[in-house]
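First the structure, in the form of C-alpha cells, and then the observations on it.
The values are calculated or read from the model by the stated rules, or taken from the named source; none is laboratory data. Computed from a predicted model, the values in this text were never measured in an experiment. Cβ coordinates were reconstructed from backbone atoms using ideal geometry, including for glycine residues, and neighbour counts include every protein chain displayed. Calculation scope for accessible area: heavy atoms of the full protein, side chains included, ligands and nucleic acids excluded. Shrake-Rupley method; radii C 1.70, N 1.55, O 1.52, S 1.80 Å.
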Amino acid sequence: MATGSWSHPPRPFDDVDVEAIDTLSLDFGRFERVNRWKGMPECDEFVGARRSKHTLVAWNDALYVFGGDNGKRMLNDILRFDIKDNSWSRAVTKGTPPAPRYHHSAVIFGSHMLVFGGFTGYILLSLSDLYSNSNLQNKNDLFEYKFSTGQWSEWRLDGRLPPARSAHGAAIYKNNLWIFAGYDGNKRLDDLWTICLTDPNPVWQEVQQSGDRPPTCCNFPLAVVRDSMFVFSGQSGAKITNDMFEFSFLDHRWTRIPSAHLLRGSPPPPQRRYGHSMVPFDRYLYVFGGVADNTLPSDLYRFSLDDKSWEVVQPAQDREVPSGRLFHDADVINNEMYIFGGTIDNNIRSSELYRFQLASYPRCTLRGDFGRLLDSKQFCDMVFIVGKEETQFPAHAAFVAARSPWLRKQLLRAREKLKRANGDRYQDQEVGKPEVKLPEVEVQSFAVTLRYMYTDCIFPLVKDCQGSQEISLIMDVYRLALKLEIGALEALCVQYIESSICQENVLVALDSAARLQLDPLKDFCLRFIVREANYNNIIMSKNFESVPQKLMVEIIRRRQVPQAMVHVPGENQCRSTHPEKTLQQDMMEFFQGARGEDFHDITLMLDGEPIGAHKAVLAARCSYFEAMFRSFMPVNNTVTITIGETIPSRKSFNSLLHYIYHGDVSMPPEDSLYLLSAPYFFGFTNNRLQAFCKQNLEMNVSFENVVEILEAAHRIGAADMKKHALDLVVGHFVKVAKSPNLRRLSRDLLLEILDAIADYLKDSNIAVHPR
C-alpha cells in the first residue's frame, strides 16, 4: 500500500473475495510444469502395433485408440492407456467389430464411441498397394462401442446414407453426429450430414450450407466449440489454404476467418498443412503436426477463439518435444493434451505417446490496458506536434521511448532543452511538457503508428479504409516506421502490403512506393505487374491511364526484359531494416535495461529498498496506482509497497513488475505464494495473475523447491501451503536434507521440521533405538 490516507479503488472483478483470498484452497496435484511436453510409455508391440491414420478418444481417465495401419496392414483393435497407471492394455471387446480400417472417424457420445466410415479391407497389402488404394473400399457404416461392456454393434439405418468416404471430419453437437467432407475414392467432398442419435428412428440428413464454405478437402481436423464447428487447412489440391473456417450450428452458415490478421498485431498463422491434429481447450484450439510444404513441423500453435488470432506456444524448458509427424491423433483429458502415433520420418509408424500440460488462464490484457491509457489521455508527460497544421498528440514518454529508438533520442534532447530553460523547475506541472515536432509526417499515419506503439495493433484505425486508400495509408505508415526505427511495424506493413497487392490496387501501390522512395516495395509491385497472368489486365485497366509517365515507361521497359535477367531482391531486402520486437519484448527490455532508467518518474520503496518505475505503466495496469495518481501525488514521488499486511520478497515483487510491464506470468512457485492476493490489492483488469499463481502452487511444488515454499508460507502465514510443504519435507527428507537452503532457515522453522518428522515417526510406529 502507499503511504497516505485514501480509500482503495473498486475491485476490477466481482468474483474476488478478500476472505476467500486469505483462505484460498489449493488442490495439490502431481509435479508438472505448464506448457511442458513429456514422453509417456510407448505401446509395446505385444499389446498393439505401431500405427497411423487411427483415431484417439478420451473417456473416463483413459485413452482409446482404434484402427489405423501399421505400414503393412489395416487394424481394427482397440488399445487402452490408463492415465493414472501410465499403462497400456488391450481393451475388452465383444461382438463383431468394424472391419480393419484407417482414415475413419471416432467420437464420444455419452459412454459410447461411434466410428464412421474410412478405408476398409482385410487383405494383407504391400506398401505399393497401400498408397495406391488398390483393394480398398470406402465405407459409410456406423458402429458403436460401449465402454462399460466392450460390446460392438452396428447401426442399421434406413433412408438415404452419406456417400462412402474416408479422411473426413466428425463431431458431436448436442445430440447429433455431424460428418463433413472427406474423400470418396475419386474426389474430395464438401458436403455435410447429420443424424440425431437420440431419435427412436434415426435417419441421415444432408445439411444445406451457406456462406463462405471451405474448399473440398480431406485429412483435416475438426473441432466443436461454442455452437460452432471449426475446420483448419487440409488436403485441397491447388486450393489448399491456411485459413480457419467456422460453421455455425445455429444458422448453418460458414464464415472464413482469414489468415491476414496482420493489422491486429497477431503473429502469422501456421503454414497450410494436412494430416495434423486440432483439439479445443478453454478458449483456444491447439494445432500440432501434419505435413506443411513437404516438412514435418513440431511447433504447437493455438488459435484464440476470442480475438481470432494465432500464436506459437513456447514449451517449458525441460520439455521432451515430439518429432514432427502426420496422421497421428490427439485428445484432451482434464488439463492435458495427449498425442499418439502417426507417421514420422522415413515413413515409419510410431507407437509414441506424448502429454502436453495445458494452461487455462484468463486472457492477457496488456495491449488493452495500454490502449485504454492512450485513449484516456491521463498522465501524459510529453506532446507530439505533427504535420503542417501542428496537430498535438499527448503521449507517455515511457511507451514512446520503449518502442522507438529514434524517438527516445528526440525525447532526451527535448527534456534536456526544457531542463536548461527552467532549471530545477523543469518537472513542475506549470512548466510544460517535452515536445517532439514531426512537421513532415501525415497526421493519420502518425495516429496509426502511435496506436501501434501502445498496442502492437493498428486495426482499429485502418479498418474503415477501403481498397487503394488502405494501401496508401499503410505505405505512409511504413515510411514513418522506417524513420522511427520500429522494426516490427516495418515488417507488419511490408507483409500486409505484399499479401494485399492485387490487379485492382497494384498501380496505386506502385505510385505510392515511388513517391515515398520505398524501392523494395516499388520493385515488388513492378514484378507483380509484369507477370504473364497480370500484365494485360493491368495495362488495359482504366487506372493505368492515370499512372505517371515515368512509371509507365518503367513498366514497359521492365516487361521487355526477360524475367530471368531481372535482379530479384533478397528476402530480407523487402523486410524490416531494424530489429523486430513485440510490445512484450520492448517493454521487458525497457523494464530491465538502462533505457528505462532514464525515464523513471516514481520510486517504489520495498522494505527500505528503492525501485525505479514509470507512472504511466503502473497506472495503465493497476487501478490502485491509477486512482492514487489521479487523487494525489505521493510525497517525493515515493510509494511504500505492501500486499495487505505482507511485505513481499524482492524476488517476488520483481516477478510482479514483470507481469505489470510485459504480461509475463512465469515465476517460481515461492513467488506465486507471495503474489496470490496481489491481483485484488493492486486492481488488475482480470484475475489472470491469481489464476496462474494458484495453478503454479498446486502443480509445481516439489522437493527441489519446497524449502523456499516453506519459508515463504511461514512468512505470510499461509497455513495450508505451510502444511503441504512440511509434508513434502518429511516425505523426501533424505533429498531435502542435502539442500543448502535448508541450512539457512530460521531456528523456529528448523524446529517445526523436527516436530513434523517426530510426528511422522510416531504415526508410522517406527521405533528409533540408540545403538
Nearby aspartates and glutamates by direct alpha-carbon distance to residue 94 (threshold 12 angstrom, same-chain neighbours under 8 apart not counted): 77, 144
Long-range amide H partners of residue 191 with built H, under 5 Å: 181
Sparsely packed chymotrypsin sites (Phe, Trp or Tyr not before Pro) within the stretch 604-686, loop by DSSP, other Cβ within 10 Å at most 13: 632
For residue 397, net neighbour charge (Lys/Arg +1, Asp/Glu -1) across residues whose Cβ lies under 15 Å away: +4
Among 697, 177, 386 the positive-end extreme of the charge dipole of the chain (Cβ point charges): 386
Förster radius 22 Å - calculated FRET efficiency between residue 144 and residue 206, Cβ distance, rounded to 0.05: 0.50
Rounded, prolate or oblate (a/c below 1.5 giving rounded, otherwise prolate when a/b exceeds b/c) for the stretch 637-695 by Cα gyration tensor: rounded
Euclidean distance between Cα centres, the stretch 355-395 to the stretch 708-763, Å: 45
FRET efficiency estimate (nearest 0.05) - Cβ-Cβ, residue 603 to residue 758, R0 35 angstrom: 0.15
Probe 1.4 Å, protein heavy atoms only - accessible area per residue of the stretch 303-356 in square angstrom: 38
Whole-Hz ³J(HN,Hα) from phi, Karplus 6.51 cos²θ - 1.76 cosθ + 1.60, for the stretch 436-447, glycine and proline x: 10, 9, 10, x, 8, 9, 6, 4, 5, 5, 5, 4
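Between residue 336 and residue 517, what FRET efficiency follows from the Cβ-Cβ distance if R0 is 60 Å, with the result rounded to 0.05?
Rounded to the nearest 0.05, the efficiency is 0.65.
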Carbon and sulfur %, accessible surface of the chain computed with the full protein complex present, 1.4 Å: 48
Within-14-Å neighbourhood charge of residue 440 [Cβ basis; K, R +1; D, E -1]: +1
Gyration tensor (alpha-carbon) shape descriptor, the stretch 260-414, a/c threshold 1.5: prolate
Neighbourhood net charge (15 Å Cβ-Cβ; Lys/Arg +1, Asp/Glu -1) for residue 745: 0
Residue-averaged 222 nm ellipticity for the chain, from DSSP H runs of 4+ at -39500 (n - 2.57), nearest 500: -9500 deg cm²/dmol
Cα-centre dipole for the chain with unit charges at Cβ (Lys and Arg positive, Asp and Glu negative), debye to 20: 1500
Value in Å of the Kirkwood radius, where the stretch 577-666 supplies the Cα pairs that are averaged: 14.0
Diffusion coefficient, µm² s⁻¹, Stokes-Einstein with Kirkwood Rh over alpha-carbon pairs of the chain at 10 °C and 1.306 mPa s: 52
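Treat every Asp and Glu Cβ in the stretch 608-744 as -1 and every Lys and Arg Cβ as +1, leave all other atoms uncharged, and give the resulting dipole magnitude about the Cα centre to the nearest 20 debye.
140
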Of 377/437; 38/139; 722/762; 615/722, pairs whose Cα-Cα distance is over 25 Å: 38/139; 615/722
Normalised contact order of the stretch 293-349, rounded percent, pairs of Cα under 8 Å and 6 or more residues apart: 27
Dipole magnitude of the stretch 314-424 about its Cα centre (Cβ charges: Lys, Arg +1; Asp, Glu -1), debye to nearest 20: 840
Alpha-carbon centroids, the stretch 613-650 and the stretch 131-209: separation in whole Å: 60
GluC sites (Glu not before Pro) within the stretch 466-537: DSSP coil, no more than 14 neighbouring Cβ in 10 Å: 504, 532
Cβ crowding within 10 Å averaged over residues, with 351-359, 747-755 ranked highest first: 351-359, 747-755
Relative contact order (percent, whole number), the chain, Cα cutoff 8 Å, 6+ residue spacing: 11
Extension reserve of the residue 592-residue 433 stretch, reckoned as 0.36 nm per residue once the Cα distance is removed: 54.7 nm
